[in-house]
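**Student:** Supplied in structure tokens, the structure appears directly below.
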Amino acid sequence: MASARTVGDVMTTEVVTLPTDASVRQAAAEMRDHDIGDVMVVDGDTLRGVVTDRDLVVRVLAENGDLDGPVGDVCSSGDLVTARPDTSVDDVVQMLRQAAVRRVPVIDDQQRPVGMVSIGDLAIVEDSRSALADISAAPPNT
């Protein structure tokens, strides 16, 4: 069944984006307000990177970084792994494994963010009885 599914079937479509010059503090506030662990960083409408809660801890807090500095300076952007809505679930699982990441931004043909697919999304769809699926489907811990 997995091979018939696409990323578009399982991705989260409500993504939060911020421009590269938005502050790190603003990214953290968006994560808090939307109960998410990542924000897509854009230049205009084009995806330029992703900043995660872990990026904020490792690249800003642990380094006594500037919370008012630009999020574009701390986001992951180099060899960003992305998928398209028509990418197969099997292929995105391989992408996650090979890149050792937990989330993959989903973009359209113009490089605009249209969704995010995470290991939690895949666990819910592929093995709804797994512990990861239970944790991923649970209400937020606020």
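**Student:** Taking Gly44 and the conditions (1) farther than 24 Å from Thr12 by Cα; (2) loosely packed, with under 13 Cβ neighbours inside 10 Å, which numbered condition does it fall short on, given that it satisfies the others?
**Tutor:** Among (1) farther than 24 Å from Thr12 by Cα; (2) loosely packed, with under 13 Cβ neighbours inside 10 Å, the lone unmet condition for Gly44 is (1).
**Student:** Residues being open to solvent by 30 Å² or more (accessible area, probe 1.4 Å) and either modelled with pLDDT under 95 or under 15 Å from the mean Cα position of the chain (by Cα) (or both): count how many of those fall in region 73-107. I'd like the intermediate steps shown before the answer.
**Tutor:** Taking region 73-107 as the starting set, the residues that turn out to be open to solvent by 30 Å² or more (accessible area, probe 1.4 Å) are 73, 76-82, 84-86, 90-91, 93-95, 97-103.
Checking which are either modelled with pLDDT under 95 or under 15 Å from the mean Cα position of the chain (by Cα) (or both) leaves us with 73, 76-82, 84-85, 90-91, 93-95, 97-103.
Count: 22.
**Student:** Give just the number: which of (1) in contact with a strand residue (DSSP E or B) (Cβ under 7 Å, 6 or more places away or on another chain); (2) free of Cβ contacts under 8 Å to residues at least 24 places away in the same chain does Val58 not satisfy?
**Tutor:** Val58 satisfies all of (1) in contact with a strand residue (DSSP E or B) (Cβ under 7 Å, 6 or more places away or on another chain); (2) free of Cβ contacts under 8 Å to residues at least 24 places away in the same chain except (1).
**Student:** So how many residues does region 25-37 have that are in contact with a helix residue (DSSP H, G or I) (Cβ under 9 Å, 6 or more places away or on another chain) and at pLDDT below 95?
**Tutor:** 2
The values are calculated or read from the model by the stated rules, or taken from the named source; none is laboratory data. The model shown is predicted, which means the values in this text are computed figures rather than measured ones. We place every Cβ from the backbone using ideal geometry, glycine too, and count neighbours over all the protein chains shown. Protein only, heavy atoms only, side chains kept; ligands, DNA and RNA dropped before computing areas. Shrake-Rupley method; radii C 1.70, N 1.55, O 1.52, S 1.80 Å.
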